[in-house]
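What follows is a single structure, written as structure tokens, with notes after it.
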Amino acid sequence: MKIQKKAHNFHRYTFENNSRTASFDLLLTSDWHFDNPKTKRDLLFKHLDEAKQRNAKVIINGDMLCLMQGKYDPRKAKNAIRPEHNGNDYLDLVINDTAQKMIPYAENILQINTGNHESSVSERAETNILMRLVERINTFANTDIQLGAYMGYINLNFKRGTANYPCNIAYDHGHWGGVVTKGALAVTRHASIFPDADIVMSGHTHDAWIMTHPRYVMNQHKGVVEVKKQYHVKTGTYKEEFDSGQGWAVEKIAMPKHLGSCWVKIFMTNNGLEYEFTLTR
């Protein structure tokens with residue numbers, strides 16, 4: 001795999017495969033809130049273990065960490081911190097613990113993007129929290145995981161001989177939600193923001209769905225006008241806030257959220273790339 005960092009919000013990954021029946025597995029995921037006591041780590045590790053078995057690449061699209069228990073954070077609560085993170089060097093404890101836990105999966109992780117939790121704490125702490133984490137994982141595992149922005153593009157370029165099969169993934173940690181719509185209205189907004197994307201991934205609201213947005217496009221290479229699908233993927237969370245029947249999420253009359261991520265299988269065909277999307281179980 002060849003990695004090219006074009007900009008802080010634009011990365012290209014090139015994969016070579018000369019098989020005529022080549023396929024590629026990808027796990028799109030976000031909102032782990034890994035250091036939160038309510039996070040279902042067993043489910044997360046199950047999906048990461050499956051990614052290893054499938055030799056899949058993983059894109060983590062923001063809020064990998066929760067980080068709400070810092071000294072100056074108005075959201076902090078005594079019952080919302082894991083015992084192993086309860087110390088004067090709180091942020092370091094979270095970063096080091098997370099990095100250690102990610103060592104077995106580091107070879108599979110392609111990129112870690114910024115979410116609102118990381119950006120908020122980074123602003124308060126005056127250091128880039130995710131940069132510290134990515135550096136730590138790469139040091140421990142001797143890998144080259146890339147750090148992404150809150151919004152940007154990832155280009156997966158599949159090479160077979162002299163042919164290139166590009167897959168453009170636009171990512172946005174998230175902006176729009178809705179108890180009833182579950183953020184589905186974001187599809188038309190994202191389609192206008194990311195006109196060049198084949199796949200648009202977002203998280204933030206802890207909902208999960210897969211939706212197509214067909215577009216009427218000009219194919220200059222073929223000399224035709226055609227309908228081409230743009231795929232929109234909303235990824236869930238691993239933080240379960242409804243088990244106890246009380247707390248912020250319950251009192252605000254929020255809805256139970258989807259636990260998990262989304263698998264993408266990409267097929268190289270004579271007609272280009274084809275996609276198969278499945279929410280994790």
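Quick notes
- Backbone amide hydrogens, once placed in the peptide plane, bring Phe34 within less than 5 Å of Leu65, Cys66, excluding anything fewer than 5 places away on its chain.
- Of the solvent-accessible surface of segment 225-267, computed with a 1.4 Å probe and all protein chains present, 56% belongs to carbon and sulfur.
- Surface calculation, 1.4 Å probe, protein heavy atoms: Tyr238 sits at approximately 0 Å² accessible.
- Heavy atoms of Glu107 accessible to a 1.4 Å probe, total area in Å² rounded to 10: 120 Å²
- Phi-derived couplings, Karplus 6.51 cos²θ - 1.76 cosθ + 1.60 at θ = phi - 60°, listed residue by residue for segment 179-184: 4, 7, 7, 6, x, 5 Hz, with x used for Gly and Pro.
- Taking Thr162, Thr188 and ordering them by how much accessible surface each has at a 1.4 Å probe, largest first, produces Thr162, Thr188.
- For segment 154-281: accessible area per residue (Å², 1.4 Å): 51 Å²
- Nonlocal amide H pairs with Gly178, under 5 Å, H built at 1.01 Å: Gly183
- The slack in the chain from Ala163 to Asp49, taken as 0.36 nm per residue of separation less the alpha-carbon distance, amounts to 37.8 nm.
- C-alpha long axis of helix 116-125 to longest principal axis of the chain, angle in °: 50 degrees
- Given their separation in residues at 0.36 nm each and the Cα-Cα distance between them, Val224 and Leu273 gain 15.8 nm when the chain is fully extended.
- Length gained when the stretch Arg75-Met211 is fully extended (0.36 nm per residue, less Cα-Cα span): 45.6 nm
- Pairwise FRET efficiency - Lys265 versus Ala191, Cβ, R0 = 25 Å, nearest 0.05: 0.65
- Principal axis extents of the C-alpha atoms in the chain (largest first, rounded to whole Å): 62, 44, 33.
- In degrees, nearest ten, helix 129-141 long axis to first principal axis of the chain (Cα): 70 degrees
- With each label modelled as a point 7 angstrom along the Cα→C-beta vector, the Ala184-Glu107 pair spans 4.1 nm.
- Over segment 20-111, accessible surface divided per residue gives 46 Å², non-protein components excluded, 1.4 Å probe.
- Most to least accessible of Val225, Val180 (protein chains only, probe 1.4 Å): Val180, Val225
- A Gaussian network model of the chain, with springs between Cα atoms under 10 Å, assigns the largest mean-square fluctuation among Thr143, Thr29, Thr114 to Thr143.
- Segment 110-160 and segment 262-280: distance between their alpha carbon centers, rounded to Å: 25 Å
- Rounded to the nearest 10 Å², the accessible area of Lys52 at probe 1.4 Å: 100 Å²
- Apportionment of accessible area to carbon and sulfur, segment 1-144, percent (1.4 Å): 45 percent
- Axis angle, to the nearest 10 degrees, between helix 41-53 and the longest C-alpha principal axis of the chain: 30 degrees.
- Distance violations [Cα-Cα > 26 Å] among Lys6/Lys159; Lys182/Lys252; Lys46/Lys252; Lys57/Lys78; Lys101/Lys229: Lys46/Lys252; Lys57/Lys78; Lys101/Lys229
- Under 5 Å, built H, 5+ apart or other chain: amide partners of Gln111: Val58, Ile60, Gln146
The values are calculated or read from the model by the stated rules, or taken from the named source; none is laboratory data. Keep in mind that what you see is a predicted model, and the values were worked out from it rather than measured. When we count neighbours, we look across all protein chains shown, and the Cβ atoms used for this are built from the backbone with ideal geometry, even at glycine. Only protein heavy atoms, including side chains, enter the accessible area calculation; ligands, DNA and RNA are left aside. Shrake-Rupley method; radii C 1.70, N 1.55, O 1.52, S 1.80 Å.
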